[in-house]
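Structure, as structure tokens:
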Amino acid sequence: MPFPHYDEVHIISDLHMGGEAGFQILRETEKLAGYISWVAEQRPDGKVALVLNGDVIDTLAEKNDGYIVVDHAEAVIQRIMKDPSFAPIWDALAKFVKIKGRTLVIALGNHDLEMSFPVVQRAVVKRLADTDPTARGRIEFSTMGAGYSCLVGESRVFCTHGNEVDSWNYTRYEDLAKAGRRLNTGRSLKAEEWEPNAGTKMVKDVMNTVKGRYPWIDLLKPEMQAAVGVLLALDPNQLSKINRLIPVIGEKAKGSIEVDQRLFAEGFTSPTGKPSQPASVDSLLGPNLMAGLRSGADGNRPSADSLLLAAEKEYKNGSAVTDPQDKTLGTNQYLWDRLTRWFTGVSKIEALRRALQDWLKDDKTFDITDKDDTCKEVLDSIGQDIHFLVTGHTHLERAIDLGGNRFYFNCGTWIRLLRFTEAMLKDEESFKPVYDLLVSGKMKDIDEAEFNFVLPQQSAVCIKTAKDGTVIGELAHIEGTQSISRKIIKQFTR
């Protein structure tokens, strides 16, 4: 098969350019622009590709109604490209595509679905290459779920964002193509016509509201359990529509079915195996926090799911005290008050500390050699002829020798991540300064905290040919700004 051939391929992911000032999670603009310029200078006489492996922009961070932007998609991408926080990055990409032997590949993630629309792609090409036909020819898009394949030396490289195997964040590419056709033919898409995945619902319906008060929430890992539990334990008033978590969890189960039957070239028939079971609220909160929510007085130990359903039933029967302005489950505090009847003297600080202990027990979130679900499930869906597999999506870098001269990388992210240590979670006293900082909600204070639980690393993968004909794969941290350097974290030779 005729794949493009390069001397070097550099892959980065999860830049998340989007949102207005104060709502942005990418801060390393100068470093990223410098890195793009550095890549452009490699192999002056060779062929070099830069792959932006999904979530390049973040339309979910934009102030738009609905779960996907269709009618105003071009205006949204134009705003992001002109935003002073991101403009230097687009300037660097524009210089990159003007250089002979360079290729820019933009792959789709789950926060930038609009990048698949022809009108958005034309806007990007115009911004980067204007009317220069040669520069335009150096820009490629991979936006329909097929990933991006190329050759480096005699080694085959396959890049994909990774949400293709995530039942919270799967993309219905067929529906996405229909939306693109609507836009291209001058027709609009009604909001109710687009059914988002569970992850998108979580971001738009819950997380964005919370992010206005707690901008660090996007940086919290592990993502799903930590997000739900921290919101419950930290500030229930931020969850004015907390009962939406139940349909979101149900949507995750639907996602499991779609992932089973749709991944890449598969999926022309219904899956034969059993679909994945949806996560329960119990499993999201974890056993330690649930122990604080249960009553031991009379031996009755209801689950969080049963409490949620009971509260909803009370509301529907008219026995709940409701707010006339809230037509879903009553006042902002109602469900939380219903749950906290089962607390046995556990403070909010202690509840959150217990929850974090659950989530971080035997945690391998930051272990670059751990075969997480994204790694295992993408591996199950590709052929043996792929020598270097590269994903993103999880924001967690990986570098794994798969055996048989095959290797897996996750190129991490360029946004910061939060990491809690055992010392922070030792007891309520040691956790209180962390808790107070989280409650304050100010990223500036978190960035400058003495206990330093922000990981500021920016990750990149490079796959290149060596003089002896071997192919080298590297996971590196990008350092510096004006003068870029790379700290090699892991290296494989094939």
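Read-outs throughout are calculated quantities, based only on the coordinates presented, and are distinct from any laboratory measurement. The structure presented is a predicted model; accordingly, all values stated were derived computationally and were not measured. When we count neighbours, we look across all protein chains shown, and the Cβ atoms used for this are built from the backbone with ideal geometry, even at glycine.
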**Request:** At 37 °C and 0.692 mPa s, grab the translational diffusion coefficient of the stretch 1-66 from Stokes-Einstein with a Kirkwood Rh over Cα pairs, rounded to a whole number in µm² per second.
**Result:** 235
**Asked** Between HIS72 and LYS432, what is the label-to-label distance in nm when each label sits 7 Å out along the Cα-to-Cβ direction?
**Response** 4.6
**Asked** How many nm is it between the label spots at ALA177 and ASP362, if each spot is 7 Å from the Cα in line with the beta carbon?
**Response** 4.3
**Complete:** Length gained if ASN405 through GLU193 is fully extended, taking 0.36 nm per residue and subtracting the Cα-Cα distance, is 71.7 nm
**Distance (nanometres) between label positions extended 7 Å along Cα→Cβ at ILE99 and ILE382** = 2.6
**Protection proxy ranking, peptides 373-383, 191-201, average beta carbon neighbours within 10 Å, highest first** = 191-201, 373-383
**Asked** What ranking do HIS16, HIS111, HIS161 get, fewest neighbouring Cβ atoms within 10 angstrom at the top?
**Response** HIS16, HIS111, HIS161
**Prompt:** Nearest 0.05, what FRET efficiency do ARG213 and GLU154 give at R0 = 35 Å with Cβ-Cβ as r?
**Reply:** 0.10
**Message:** For a protection proxy built on the mean count of beta-carbon atoms within 10 angstrom, sort 87-99, 125-137 highest first, please.
**Reply:** 87-99, 125-137
**Asked** With a sphere of radius 9 Å drawn around the Cβ of GLY473, what net charge do the other residues whose Cβ falls strictly inside it have (Lys, Arg +1; Asp, Glu -1)?
**Response** +2
**Asked** Using alpha carbon centroids, what distance separates the stretch 371-415 and the stretch 439-456, in Å?
**Response** 30
**Asked** R0 = 35 Å: FRET efficiency of ASP65 with PHE453, Cβ-based, nearest 0.05?
**Response** 0.50
**Item:** Difference of contour (0.36 nm per residue) and Cα-Cα distance, SER440 to ALA423
**Value:** 4.0 nm
**Item:** Among ILE484, PRO456, LEU438 the positive-end extreme of the charge dipole of the stretch 414-494 (Cβ point charges)
**Value:** ILE484
**Asked** Ordered by packing density, taken as the mean number of other Cβ atoms within 10 Å over each peptide's residues, highest first, how do 474-481, 457-464, 21-28 rank?
**Response** 457-464, 474-481, 21-28
**Asked** Considering amide H positions built from the backbone, and no H for Pro or chain starts, which residues 5 or more places from VAL105, or on another chain, come under 5 Å of its amide H?
**Response** LEU50, VAL51, LEU52, GLU140
**Message:** Through the Karplus equation 6.51 cos²θ - 1.76 cosθ + 1.60, θ set to phi - 60°, convert the phi angles of the stretch 136-146 into ³J(HN,Hα) values in whole Hz; use x for Gly and Pro.
**Reply:** 4, x, 8, 10, 10, 10, 10, 10, 10, x, 8
**Asked** With charges set only on the Cβ (+1 for Lys and Arg, -1 for Asp and Glu), what does the dipole of the stretch 84-136 come to about its Cα centre, in debye to the nearest 20?
**Response** 260
**Asked** Taking other Cβ within 10 Å of each residue's Cβ, how do PHE366, PHE409, PHE158 sort, fewest first?
**Response** PHE366, PHE158, PHE409
